[in-house]
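Worksheet: the structure to be examined is printed underneath.
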Protein chains: 2
Amino acid sequence: MRQSQLFTKTRREAPKDEESRNAQLLIRAGYVHKEMAGVYAYMPLGLRVMEKIKDIVREEMNALECQEFIMTSLQRKELWERTDRWDDRNVDVWFKSELKSGGQVGFGWSHEEPITDMMRGYISSYRDLPVYGYQFQTKLRNELRAKSGIMRGREFVMKDLYSYSRTEEDHKAFYDRVIEAYLRVFDRVGLGDSTFLTFASGGAFTQFSHEFQTVSEVGEDVIYLDRKKNIAINQEVLTDEVMSQLGVNRESLEEVKSVEVGNIFSFGGTKSEQLGLYFKDDDGSQKPVILGSYGIGITRLMGIVVEKFADEKGLVWPESVAPFKAHLISLGADERAEEVYKALTEAGIEVLYDDRDARAGEKFADSDLLGIPYRVVIGKRSAESGEAEVKSRTGEETEIVGISGLVKYFNK
Amino acid sequence: MRQSQLFTKTRREAPKDEESRNAQLLIRAGYVHKEMAGVYAYMPLGLRVMEKIKDIVREEMNALECQEFIMTSLQRKELWERTDRWDDRNVDVWFKSELKSGGQVGFGWSHEEPITDMMRGYISSYRDLPVYGYQFQTKLRNELRAKSGIMRGREFVMKDLYSYSRTEEDHKAFYDRVIEAYLRVFDRVGLGDSTFLTFASGGAFTQFSHEFQTVSEVGEDVIYLDRKKNIAINQEVLTDEVMSQLGVNRESLEEVKSVEVGNIFSFGGTKSEQLGLYFKDDDGSQKPVILGSYGIGITRLMGIVVEKFADEKGLVWPESVAPFKAHLISLGADERAEEVYKALTEAGIEVLYDDRDARAGEKFADSDLLGIPYRVVIGKRSAESGEAEVKSRTGEETEIVGISGLVKYFNK
């Protein structure tokens, strides 16, 4: 993409009412636009990052033979009443509205209820099980406060997966496969080293649920880590009993702040019983279907990647989620730079080409702010020498690479 | 994809409360799930069709050098008040809700206001123009009645494009390019022969706006066609004056029902003035930016494709938007069918493989209902003869194709 065509601009200052570092940087670099507190639009560069993260998650979900679909934002009151989750006293994040045709309607903050209800049309026998389905859905949550940028929004994108299993054993086997897939996702977006499978409160059905927590100073959660044993425990369940059960002791635990980037729940047959989702087993008996739900906050993941890697100069994207692999900068050598842009693009390398009429200092500062992994400078000398200056966003050293070898360099 | 893994099922009967033929068929075939009147979830097959349509539209938008982004559903009251479009007396399709933090919030039924307001951060000089940006957005509209299936939903996906131009001339040139691109879109999804650029009422700023109307018995609009001159006029603007202006006469006009599949508007500088989007021209003067907006209803397009092509046996998809190109059916020859499935899939041909343990009659009826362009039957004789029976969904004749030649057959 030519930077001269990108309609967003970088800016020196973030909006004064923006408190979070991730949103400040993303707004300054033109990746997102703040519509209101906790509500962000994704501009071309931001959308590219979001789609890269979604593609990674999608690949891992499809590898588990999960099927993608998309539910609706509008929600039926009577359905959520059946599980006692309509009332504001039980769920305090509903947006609700009046229907012109009469009655109330809600806006989806979660989707276990409509999906489980829908499955009554598709699941009736043990032969129909298991079912694994997921969606990328824009969730709406009426949060009282929203001060964490894109990490906790009133409107945000989540991948939610639902598993419908015949038995607890089948459920457990799939549940463990999801844990592995989630760890691969966090690894692939660059958070592998700092993300831990964490024991958290389990609710009515199980002693524990599992969360994925990424260690970060901006986190709203506190977890206790035993790095040697690779065990993490959410503060909310840290008791003597739990420590002894998990074989850790308080002295070896490190207290850290963290951000919940994923969570997984086992519902057993409870929700299926509430909503009437039963199947006929091979002995003729009617049984409730065993439900699991598994979430990854896509936009939150983008936010924590920003928080984790950004430096004093701006954004720093891991290659796997960067909007472009290379940032090509022409310094008065447009003809040669055009050739390079064409050659790289034709070779399938994603390039943002700074073809603007601007000073070198401005181009470099913008490049650092945008955070694309590699900067490729074509200057006046390049035209003569046939060489480009390549620098990684976080590296100190500039490498001289022959222009004819650039495609190979980036495909390595 | 293996059909045994698809969680949706076909069914003989549509829900009793579903009046529209497109939704009846899509529900029976498992492409969509009805959440409530005018609110449909898209199951794996339906999502595949929607994504194919989006990809076609995206290609045509990108070819015009438009940039994709995504705005928010949540809308600020004070912004829409500035253009007098918040009040229910002026806009009767708002969903509105109370914010926990105080005040009201709306849910996006259109996005001219927030995008134009946002552009104030990116456009200040003639050097920043033009800007062309588009999104695929889930729109929410509080319709009193919703009886047309996915053709008029309370929740639906729209592609909306916005152009910001320096002069009326620049605007007009781009506007004409969008018309060409839209006609290509309708052509590519199979509606080219029946879709007409139509003169419609222009509102405050221009005498006419342009719509794209697809002739259909289920249409809610009435247009008048002069097929020879390729001119179409919406009933709402058909006056003697307009007919003489466009050089047609009443006798040569054919009255037909139609569905609006796209529309384009010129706003001039009006909305920019209301929202304060000005630019400094090269003579130093401040001018309002010229706005155009251009919509295609993605899910509506899917609905009209269903209405247009479906027959008494079920859905019929044009190849360009079909969820799969071929429907491979094994009749007691699973081993050989597996080989074919693998070979076609590896060659990049999208195949739905009916590997279920079911009767031939059931498989054929389901195949007709699903509407995939080509049916490939591998029976017991195929294993010996090395031949498959290929039939197009709408053809009468069955073709005998050597199994080793199937990849070539579908790549032709």
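Please specify each residue of segment B:275-322 satisfying the condition of being surrounded by 23 or more Cβ atoms within 10 Å (Cβ to Cβ) and among the aromatic types (Phe, Trp, Tyr).
Passing the criteria: B:Tyr294, B:Trp317.
Restricting attention to segment B:67-83, report how many residues are assigned to a loop (DSSP other than H, G, I, E, B) and either at positive phi or facing another protein chain (nearest Cβ under 10 Å) (or both).
Pass one, segment B:67-83, residues assigned to a loop (DSSP other than H, G, I, E, B): B:69, B:71-73, B:83.
Applying the additional criterion that residues be either at positive phi or facing another protein chain (nearest Cβ under 10 Å) (or both) yields B:69, B:71-73.
Total meeting the criteria: 4.
May I ask you to verify whether B:Ser330 is outside the structural domain of B:Arg28 (by TED's automatic domain parsing), over 30 Å from B:Asp84 (Cβ atoms) and not β-branched (Val, Ile, Thr)?
Values: outside the structural domain of B:Arg28 (by TED's automatic domain parsing): yes; over 30 Å from B:Asp84 (Cβ atoms): yes; not β-branched (Val, Ile, Thr): yes.
Considered against the rule, which asks whether it is outside the structural domain of B:Arg28 (by TED's automatic domain parsing), over 30 Å from B:Asp84 (Cβ atoms) and not β-branched (Val, Ile, Thr), B:Ser330 comes out as yes.
Checking the conditions here, which among B:Val376, B:Val321, B:Val340 is part of a strand (DSSP E or B), outside the structural domain of B:Pro44 (by TED's automatic domain parsing), in contact with a helix residue (DSSP H, G or I) (Cβ under 9 Å, 6 or more places away or on another chain) and not hydroxyl-bearing (Ser, Thr, Tyr)?
Numbers: B:Val321 fails: part of a strand (DSSP E or B); B:Val340 fails: part of a strand (DSSP E or B).
Result: B:Val376 is the single residue among B:Val376, B:Val321, B:Val340 that is part of a strand (DSSP E or B), outside the structural domain of B:Pro44 (by TED's automatic domain parsing), in contact with a helix residue (DSSP H, G or I) (Cβ under 9 Å, 6 or more places away or on another chain) and not hydroxyl-bearing (Ser, Thr, Tyr).
Which of the following residues is surrounded by fewer than 19 Cβ atoms within 10 Å (Cβ to Cβ) and in contact with a strand residue (DSSP E or B) (Cβ under 9 Å, 6 or more places away or on another chain): A:Leu183, A:Leu144?
Numbers: A:Leu144 fails: in contact with a strand residue (DSSP E or B) (Cβ under 9 Å, 6 or more places away or on another chain).
Only one candidate qualifies: A:Leu183.
In segment B:16-35, what count of residues is obtained for those that are within 14 Å of another protein chain (Cβ to nearest Cβ), surrounded by fewer than 22 Cβ atoms within 10 Å (Cβ to Cβ) and in contact (Cβ under 8 Å) with a residue 40 or more places away in the chain?
Going through segment B:16-35 one residue at a time, the tally reaches 2.
Please verify whether segment A:107-120 includes one or more residues that are more than 9 Å from chain B (Cβ to nearest Cβ), in contact with a Lys or Arg (Cβ under 8 Å, 6 or more places away or on another chain) and among the small types (Gly, Ala, Ser).
Scanning segment A:107-120, I find at least one residue that is more than 9 Å from chain B (Cβ to nearest Cβ), in contact with a Lys or Arg (Cβ under 8 Å, 6 or more places away or on another chain) and among the small types (Gly, Ala, Ser), so the answer is yes.
Go through segment B:108-154 residue by residue and tally those that are assigned to a loop (DSSP other than H, G, I, E, B) and more than 24 Å from B:Gly219 (Cβ to Cβ). Spell out how you get there, then give the answer.
Step one: of segment B:108-154, the residues assigned to a loop (DSSP other than H, G, I, E, B) are B:108-111, B:120-124, B:129-130, B:141-148, B:152-154.
The next check asks that each one be more than 24 Å from B:Gly219 (Cβ to Cβ); those that pass are B:108, B:111, B:120-124, B:129-130.
Of the residues in that region, 9 qualify.
Can you tell me which residues in segment B:204-239 are under 27 Å from B:Ser20 (Cβ atoms) and either assigned to a loop (DSSP other than H, G, I, E, B) or not assigned by TED's automatic domain parsing to the domain that holds B:Tyr294 (or both)?
Once the filter is applied, which keeps residues that are under 27 Å from B:Ser20 (Cβ atoms) and either assigned to a loop (DSSP other than H, G, I, E, B) or not assigned by TED's automatic domain parsing to the domain that holds B:Tyr294 (or both), segment B:204-239 yields B:Ser216, B:Glu217, B:Val218, B:Gly219, B:Glu220.
Among what's in segment B:279-316 and is among the hydroxyl-bearing types (Ser, Thr, Tyr) and either touching a residue at least 24 places away in the same chain (Cβ under 8 Å) or assigned to a helix (DSSP H, G or I) (or both), pick the residue that is nearest to B:Ala23 (Cα to Cα). Give the derivation first.
First, pick out the residues of segment B:279-316 that are among the hydroxyl-bearing types (Ser, Thr, Tyr): B:285, B:293-294, B:299.
Within this subset, residues satisfying the condition of being either touching a residue at least 24 places away in the same chain (Cβ under 8 Å) or assigned to a helix (DSSP H, G or I) (or both) are B:293-294, B:299.
Numbers: B:Ser293: 29, B:Tyr294: 26, B:Thr299: 11 Å.
The residue in question is B:Thr299.
Hey, can you tell me all the residues within segment A:84-97 that are facing chain B (nearest Cβ under 8 Å) and of a type outside the set (A, V, I, L, M, F, W, C)?
A:Asp92, A:Lys96, A:Ser97
Pull up segment A:137-148, narrow it to residues that are of a type outside the set (A, V, I, L, M, F, W, C) and within 14 Å of another protein chain (Cβ to nearest Cβ), then point me to the one that is nearest to A:Val306 (Cα to Cα). Spell out how you get there, then give the answer.
Of segment A:137-148, the ones of a type outside the set (A, V, I, L, M, F, W, C) are A:137-139, A:141-143, A:145, A:147-148.
Next, from what is left, pick out any that are within 14 Å of another protein chain (Cβ to nearest Cβ): A:137-139, A:141-143, A:145, A:147.
Working: A:Gln137: 22, A:Thr138: 20, A:Lys139: 21, A:Arg141: 23, A:Asn142: 24, A:Glu143: 22, A:Arg145: 21, A:Lys147: 16 Å.
Checked segment A:137-148; the qualifying residue nearest to A:Val306 (Cα to Cα) is A:Lys147.
When you go through (1) touching a residue at least 60 places away in the same chain (Cβ under 8 Å); (2) touching a Pro at 6+ places or on another chain (Cβ under 6 Å) one by one for A:Glu319, which number turns out not to apply?
Of everything listed in (1) touching a residue at least 60 places away in the same chain (Cβ under 8 Å); (2) touching a Pro at 6+ places or on another chain (Cβ under 6 Å), A:Glu319 misses just condition (1).
If I filter segment A:41-49 for residues that are within 11 Å of chain B (Cβ to nearest Cβ), under 30 Å from A:Asp354 (Cα atoms), of a type in the set (A, V, I, L, M) and part of a helix (DSSP H, G or I), do I get at least one hit?
So the first thing to find is which residues in segment A:41-49 are within 11 Å of chain B (Cβ to nearest Cβ), and the list is A:41-48.
From what's left, under 30 Å from A:Asp354 (Cα atoms): A:41-48.
Subset that is of a type in the set (A, V, I, L, M): A:41, A:43, A:45, A:47.
Among the residues that remain, those that are also part of a helix (DSSP H, G or I) are: A:45, A:47.
Yes, segment A:41-49 contains at least one residue that is within 11 Å of chain B (Cβ to nearest Cβ), under 30 Å from A:Asp354 (Cα atoms), of a type in the set (A, V, I, L, M) and part of a helix (DSSP H, G or I).
The values are calculated or read from the model by the stated rules, or taken from the named source; none is laboratory data. These numbers were taken from a predicted model, which means no experiment stands behind them. Backbone-built Cβ (ideal geometry, glycine too); neighbour counts: all protein chains shown.
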